[in-house]
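Asker: If you scroll down you'll find the structure; I have some questions about it.
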Amino acid sequence: MSTERRTPRSDKELWRSLASRPEGVPAAVSEMDLAAWLDGRLSEEAAAPIEAAVAADPVLRRAALDLADILGKPLPPAPGRMVVRARALVDFEVAREASGGGPFGKWLSGLRLFAGPRPALRQGVMAVAAVVVATGGFMVGGGLGESLAQQRDDYSATESAYVKTTASNEVSAFFAGDGI
Amino acid sequence: MAELNQIDLQALTRGDKRTWDAFVLAAAPLINAVVRRTLTSYRVGEDDVMDAAQDVFVRLCAQDFRLLKTYDPARAGLPTWLSVVARSCAIDHMRRRRQATEPIDDVPEAFLGVEDRHVEKLKIPEGLLTARQVLILKYLYDEERDVVEVARLLSVDAQTIRSTHHKALLRLRAHFREDDPGDGG
């Protein structure tokens, strides 16, 4: 019989000596499940798979502690810029469109190209549509040639008026120079 | 966070502008804190924090508030759920950013290295320890966390953590006969 006795290992040493054997891939945890677990709202049975997944994933373990820490203390206010940018994501126009919108808006919604809160994109498309309509109307109304002719006529009229005004000013200066 | 729990979720998911504004004001401190904490290890600037936080809000209201509509008040508090969502978004943001722009030399080595799962993995007979016991031992020994910190996470008192830890070690020692003098070695 051996007289040697195994030196008892510390708890930590024992645990770490067991840490070299393989275990299964941790299961994915949904955001809702993780939140429910963090809030302590799960039964022991429901919490077990979450705790197993958290135990198996060092990133998730640290995340859980971080979130518990943040949720347990007063927080500093967020930068004003963050609030302004986030508020701009939903505007009154979008809210109105969500509750009905005009026929064109409904047609755009029907295309499903602009699902979601993308006010800038939506406004861009509306602007392009407006330009197309305006250009079409302009072309139907005679196009650029007629417009230029009109502009040229206007310019001639303005120029002759300017000449008259200049002559008139010269006469006034002549009389003014003579003290009249 | 009290204001966050007073948000009218139905009005919010209908796209009501005033409710959205109130929600943003109430949620921004939490989202800001979670995003900053999550991105700490990425060594990013203020603009990235702003963009990642904006991504959280975008994700919340995208596709007619689809994500917000999945929130179930019966299962978790809104602040807790938001914090989990914010963390996921922040990580996604950094992954996308890195894929799009970052030269590999700029990526911290910790993110490129393959984690030594060898140390993390256990082979303890199934059923020997409960999931909670394993989790507590991981926190105490692998993460070297304080008992109070773990107790706060699990919403129990510190004594419960100590007791659970003690029972787990007794089971392990009994199974592996670590302290048994008759084991002979």
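The values are calculated or read from the model by the stated rules, or taken from the named source; none is laboratory data. Please read all numbers here as calculations on a predicted model, not as lab measurements. Neighbour counts run over all protein chains shown; Cβ positions are idealised from the backbone, glycine included. Accessible surface areas use protein heavy atoms only, side chains included; no ligands, DNA or RNA. Shrake-Rupley method; radii C 1.70, N 1.55, O 1.52, S 1.80 Å.
Asker: Along Cα→Cβ, 7 Å out, is where each label goes; now give me the distance between the ones at A:Leu60 and A:Leu18 in nm to one decimal.
Answerer: 2.0
Asker: Starting from 0.36 nm per residue, how many nanometres of slack lie between B:Ala174 and B:Thr70 once their C-alpha separation is accounted for?
Answerer: Details: separation 104, 0.36 × 104 = 37.44 nm, distance 4.57 nm.
Going from the current span to full extension adds 32.9 nm.
Asker: At 7 Å along the Cα-to-beta-carbon direction for both A:Ala28 and B:Gln10, put a label point, then send me their distance in nm to one decimal.
Answerer: 3.3
Asker: Sticking with this structure for a sec: Mind giving me the FRET efficiency for B:Thr160 and B:Lys123? R0 is 41 Å, r the Cβ-Cβ distance, nearest 0.05 is fine. Before the final figure, lay out each step's value.
Answerer: Working: r = 27 Å, r/R0 = 0.65.
Result of the calculation: an efficiency of 0.95.
Asker: Still on this model: What is the mean number of Cβ atoms from other protein chains located within 10 Å of the Cβ atom of each residue in peptide B:38-51, rounded to a whole number? Let's see the in-between values first.
Answerer: Details: counts 4, 0, 1, 1, 0, 0, 0, 0, 2, 0, 0, 2, 6, 1.
Counting Cβ atoms of other protein chains within 10 Å of each residue's Cβ and averaging gives 1.
Asker: Of the accessible area of region B:1-58, with the probe set at 1.4 angstrom, what percent is carbon plus sulfur? Mind showing how you got there, number by number?
Answerer: Working: 1170 of 2540 Å².
With neighbouring chains kept in place, the figure for region B:1-58 is 46 percent.
Asker: How high is the FRET efficiency between A:Ser43 and B:Lys167 when r is their beta carbon distance and R₀ equals 25 Å, given to the nearest 0.05?
Answerer: Numbers: r = 20 Å, r/R0 = 0.80.
It comes out at approximately 0.80.
Asker: Next up: Give the accessible area for B:Thr19 in Å² (nearest 10); use a 1.4 Å probe, count only protein heavy atoms, and leave out ligands, DNA and RNA.
Answerer: Around 20 Å² of this residue is reachable by solvent.
Asker: Hey, what do the phi angles of region B:72-78 turn into as Karplus ³J(HN,Hα) couplings, whole Hz, using 6.51/-1.76/1.60 and θ = phi - 60°, x for Gly and Pro?
Answerer: So the Karplus estimates, Gly and Pro as x, are 10, x, 6, 9, 7, x, 4 Hz.
Asker: Same structure, new question: What does the accessible area per residue of region B:57-100 come to in Å², with a 1.4 Å probe and no ligands, DNA or RNA counted? Walk me through the intermediate numbers first.
Answerer: On the way: 1900 Å² over 44 residues.
Value returned for region B:57-100: 43 Å² of accessible area per residue.
Asker: Let me ask something additional. Hey, got the average number of other protein chain Cβ atoms within 10 angstrom for residues in B:132-141? Could the numbers behind the result be given before it?
Answerer: Values: counts 6, 2, 7, 11, 2, 7, 9, 6, 3, 8.
Mean inter-chain Cβ contacts per residue within 10 Å come to 6.
Asker: Across peptide B:24-32, what mean number of C-beta atoms from other chains lies inside 10 Å of a residue's C-beta?
Answerer: Details: counts 10, 5, 0, 3, 11, 9, 5, 4, 7.
Average per residue, whole number: 6.
Asker: What FRET efficiency do you get for A:Val132 and A:Arg81 if R0 is 35 Å and r is their Cβ-Cβ distance, rounded to the nearest 0.05? Spell out each step's value before the answer.
Answerer: Values: r = 36 Å, r/R0 = 1.02.
So the FRET efficiency works out to roughly 0.45.
Asker: From the backbone phi of region B:142-159, what are the Karplus-calculated ³J(HN,Hα) couplings (6.51 cos²θ - 1.76 cosθ + 1.60, θ = phi - 60°) in whole Hz, Gly and Pro given as x?
Answerer: 3J(HN,Hα) across region B:142-159, in whole Hz: 7, 8, 6, 8, 7, 4, 5, 5, 5, 4, 5, 4, 8, 6, 10, 8, 4, 4.
Asker: Counting Lys +1, Arg +1, Asp -1, Glu -1, what net charge surrounds B:Ala53 among other residues with beta carbon under 10 Å of its beta carbon? If you can, show how the numbers build up before the last one.
Answerer: Working: positive: A:Arg81, A:Arg85, B:Arg36; negative: B:Asp48, B:Asp51, B:Asp55.
Residues near B:Ala53 contribute 0 overall.
Asker: Let me ask something else. Quick one: 3J(HN,Hα) in Hz for region A:43-55, Karplus 6.51/-1.76/1.60 with θ = phi - 60°, rounded, Gly and Pro as x.
Answerer: 5, 4, 5, 6, 6, 4, x, 5, 5, 5, 5, 5, 4
Asker: How far apart, in nm, are two points set 7 Å out from the Cα along the Cα-to-Cβ line at B:Arg96 and at A:Arg9?
Answerer: The two pseudo-label positions are separated by 4.6 nm.
Asker: Then there is this: By the scheme Lys and Arg +1, Asp and Glu -1, what is the net charge of all other residues having a beta-carbon under 14 Å from that of B:Arg37? Mind dumping the intermediate values first?
Answerer: Numbers: positive: A:Arg62, A:Lys73, B:Arg36, B:Arg43, B:Arg87; negative: A:Asp66, A:Asp69, B:Asp48.
Counting the neighbours of B:Arg37, the net charge comes to +2.
Asker: If one takes the accessible area of chain A alone plus chain B alone and subtracts that of the pair, with a 1.4 Å probe, what total in Å², rounded to the nearest 100, results?
Answerer: Details: alone 15480 and 12890 Å², together 21200 Å².
Roughly 7200 Å² of accessible surface disappears when A and B pair.
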